[in-house]
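Reading through the structure tokens given below for one structure.
Every number here is computed from the coordinates shown, using simple stated rules; none is lab data. Quantities reported herein were computed from a predicted structural model and do not represent experimental measurements. Cβ placement follows ideal geometry from the backbone for every residue including glycine, while neighbour counts extend to all protein chains displayed.
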Amino acid sequence: MAALAFGIVFLLVGIAGFIPGITTGYDTMQFAGHHSEAMLLGIFQVSILHNIVHLLFGIAGLVLARTGTAARQYLLWGGIIYFVLWLYGLFIGHESPANFVPLNDADNWLHLGLALAMVALSFLPRGTRHTVEAPSRSSGLHS
């Protein structure tokens, strides 16, 4: 369920990044790079590439949520990717050509939160399903 929820949220965020109004400065959006001044919800710097990454992460979440093992792998590796992206965002300059995604401080701290949440959820114990057994036909009473 967690992988499905993350997948849905990433899809919605990817779509929202392409909607003027939800994304301010939409007319300044670039394919990639720090020159894109488009801001999702007025907070998170986005570009076309950034939005596409969210869409792909969302699709992966939906597909991999189908089995428990795949869902856990999605959460674990997705969390690791977001942790690396957080580190990357901390060490590159926001005006640097290396900031090709683009990332700002709000993105960086969101990425850390996503990393911690996804990795933690990947280690939660798997839920068990309780089944109710149907009553046996041979209850010991014969007519």
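Here are some notes:
- Pairwise FRET efficiency - Arg126 versus His35, Cβ, R0 = 41 Å, nearest 0.05: 0.35
- Net lengthening on full extension, Leu4/Phe91 (0.36 nm per residue, minus Cα-Cα): 28.2 nm
- Spin-label pair Ala16/Arg66, simplified geometry with 7 Å Cα→Cβ offset, distance in nm: 2.8 nm
- Remark: the chain is approximated by an ellipsoid whose semi-axes, taken from the C-alpha gyration tensor as √(5λ), come to 43, 17, 10 Å, largest first.
- Computed helical MRE - 222 nm, the chain, DSSP H runs ≥ 4 contributing -39500 (n - 2.57), nearest 500: -17500 deg cm²/dmol
- Set of the range 1-35 residues, backbone N closer than 12 Å to the point 7 Å along the Cα-Cβ line of Ile48: 29-33
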